[in-house]
Amino acid sequence: MEIIPKELKAGGDLPIILPGLGTAGFQWFFKVENENCVEVKPYDYTVDSMRRDAGTSNDEVFMITGISPGHTTVTFEQRRVWETNGQAINTKVFDVTVLE
């Protein structure tokens with residue numbers, strides 16, 4: 001599994017854009033190893049001018065905000081809400097360092 005290194009400053013934001021499969025019932029879920037240095041929230045974006053064909057899914061966007069200097073791992077897993085056990089169909093792991 002590939003681990004993606006990222007750096008941001010305390011108080012700064014890091015957008016994470018992940019491919020969506022909402023039309024098939026899949027969502028991205030995340031877990032943070034060290035919640036003292038970052039906060040992760042879904043980022044709700046709407047673009048009125050964006051036109052999608054029927055049956056396509058929007059990307060899911062999350063915002064990682066640096067809280068205090070430190071190091072953490074943020075793991076995103078794509079799975080169906082009702083399938084909490086078992087293997088995720090997609091996983092992205094970010095090794096995040098928050099600088100002063």
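The residue that is nearest to Lys41 (Cα to Cα), counting only those in the stretch 71-100 that are among the aliphatic types (A, V, I, L, M) and open to solvent by 50 Å² or more (accessible area, probe 1.4 Å), is Val81. Any residue at all in the stretch 42-60 that is modelled with pLDDT of 95 or more and either open to solvent by 80 Å² or more (accessible area, probe 1.4 Å) or touching a strand residue (DSSP E or B) at 6+ places or on another chain (Cβ under 9 Å) (or both)? Checked against the condition, which is being modelled with pLDDT of 95 or more and either open to solvent by 80 Å² or more (accessible area, probe 1.4 Å) or touching a strand residue (DSSP E or B) at 6+ places or on another chain (Cβ under 9 Å) (or both), the stretch 42-60 yields no hits at all. Here is the figure for the stretch 1-33: residues that are assigned to a loop (DSSP other than H, G, I, E, B), modelled with pLDDT of 95 or more and surrounded by 13 or more Cβ atoms within 10 Å (Cβ to Cβ) total 2.
The values are calculated or read from the model by the stated rules, or taken from the named source; none is laboratory data. Remember, predicted model here, so these are calculated numbers, not experimental data. Don't worry about glycine lacking a Cβ; one is built from the backbone with ideal geometry, like all the others, and counts go over all protein chains shown. Areas reflect the complete protein model, heavy atoms only, side chains present, ligands, DNA and RNA absent. Shrake-Rupley method; radii C 1.70, N 1.55, O 1.52, S 1.80 Å.
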